[in-house]
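Asker: Below: one structure in structure tokens.
The values are calculated or read from the model by the stated rules, or taken from the named source; none is laboratory data. Fair warning: this is a prediction, and the values are worked out from it, not measured in the lab. Quick reminder, even Gly has a Cβ in these numbers, built from the backbone with ideal geometry, and neighbours come from all protein chains shown. Side chains are part of the model used for accessible areas, which takes the heavy atoms of the whole protein and leaves out ligands, DNA and RNA. Shrake-Rupley method; radii C 1.70, N 1.55, O 1.52, S 1.80 Å.
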Amino acid sequence: MASRQVLLLAAAAIAAAFLLAPASAEVFMVGDTAGWTLKYPATWTDGKNFVVGDSLMFMYPTDKHNVMEVGGADFRACNVTGNTIGTWNSGTDTVTLDKVGRRWFICSVGPHCSLGMKLLVTIVDATAQAPASPPSSSASFLSGAVSQAMAVAGTVAAAVLML
């Protein structure tokens, strides 16, 4: 009897592990194929969801651009001499989105910010309740993970009952 309880507990733990496994962090290349350039599309963030743990990758020619993180007021004003939170200039910069909230990025070279080379991202908690939306591939993945977890738990439970 004790071995059945242990196996049932193991089945529950396996099912919980499948259900509670976090989604993989995503790396977003800012501007997609255009990269972080003057041709950077202002609508790039449309349809994208940024969660804690994701990263932004800024790709650009180092002799023409940089990445500067600023506060909201400096972002709106394209103030490149204000309070800088961070500056990157390697041409292949990766910034981890490590907390919930808004982050503002600009290019501080010449008039680039005022020409539209700026980025605002809103980061949400990965475990937060997402707004209702039509089923997507992530919903299908979650549904498949739940089904798989239930199948594993059922198989283990059936094996326990046969003991």
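Asker: HN-Hα J couplings of segment 105-120 from phi, Karplus 6.51/-1.76/1.60, θ = phi - 60°, integer Hz, Gly and Pro as x?
Answerer: For segment 105-120, the Karplus curve yields 10, 9, 9, 9, 7, x, x, 4, 4, 5, 8, x, 8, 8, 9, 10 Hz.
Asker: Please give the solvent-accessible surface of Lys64 in Å², to the nearest 10, using a probe radius of 1.4 Å with every protein chain present.
Answerer: Ignoring ligands and nucleic acids, Lys64 comes out at about 110 Å².
Asker: So which aspartates and glutamates pass the test for Lys99, namely a Cα distance under 12 Å, with those fewer than 8 places away in the same chain ruled out?
Answerer: Excluding near neighbours in sequence, the set is Asp54, Asp125.
Asker: Going 7 Å from the Cα of Met57 toward and past its Cβ, which residues in segment 25-51 have a backbone nitrogen under 15 Å from where you end up?
Answerer: Only 25-36 fall inside the zone, counting backbone N under 15 Å.
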